[in-house]
């Protein structure tokens, strides 16, 4: 059975938007005025993120500094995030999700949550 990479990416992008309450961007972020896969609105959400989703059925995904730099640039006023999904099979039913955010953003969230 051939892997449908488009379906794999779409399912992951939908999950990111549903989970984080943001919106998917048209064309999976390939529009010059609306880059990156999805985003929250920094005017409406205190810790607003803009994300790029990466999914695979392989054992690994490469995250490199140019990818991180691109996410920072495309996030604009929102905080950058990379969503990573590892699918277990072609049916796309079993998977494991991770998110990569800047340490300074996580520190701020933890401090705010603990009342510091």
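Please treat every number below as a calculation from the coordinates, not as lab data. No experiment lies behind these values; they were computed from the predicted model shown. We place every Cβ from the backbone using ideal geometry, glycine too, and count neighbours over all the protein chains shown.
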Quiz item: Angle between the Cα long axis of helix 65-75 and the longest principal axis of the chain, 0 to 90 degrees, nearest 10?
Solution: 60
Self-check item: Which of 42, 12 has the fewest Cβ neighbours within 10 Å, and the rest in rising order
Solution: 42, 12
Quiz item: Say R0 is 30 Å: what FRET efficiency, to the nearest 0.05, do residue 73 and residue 19 get from their beta-carbon distance?
Solution: 0.80
Practice problem: Rank-order 77-83, 62-68, 35-41 by packing density, defined as the average count of other C-beta atoms within 10 Å over each peptide's residues, highest first. | Solution: 35-41, 77-83, 62-68
Quiz item: In degrees between 0 and 90, to the nearest 10, how far off the longest principal axis of the chain does helix 5-20 point, with axes built from Cα atoms?
Solution: 30
Exercise. Starting from the coordinates of the alpha-carbon atoms of region 5-114, obtain the Kirkwood hydrodynamic radius over all distinct pairs and give the value in Å to one decimal.
Key: 14.4
Self-check item: Calculated FRET value between residue 61 and residue 116, using beta carbons and R₀ = 30 Å, to 0.05
Solution: 0.35
Quiz item: Pairing the Cα long axis of helix 103-114 with the longest principal axis of the chain, what angle in degrees results, from 0 to 90 and rounded to the nearest 10?
Solution: 60
Quiz item: Rounded to the nearest 5, what % of the DSSP beta bridges within the chain are antiparallel ones?
Solution: 60
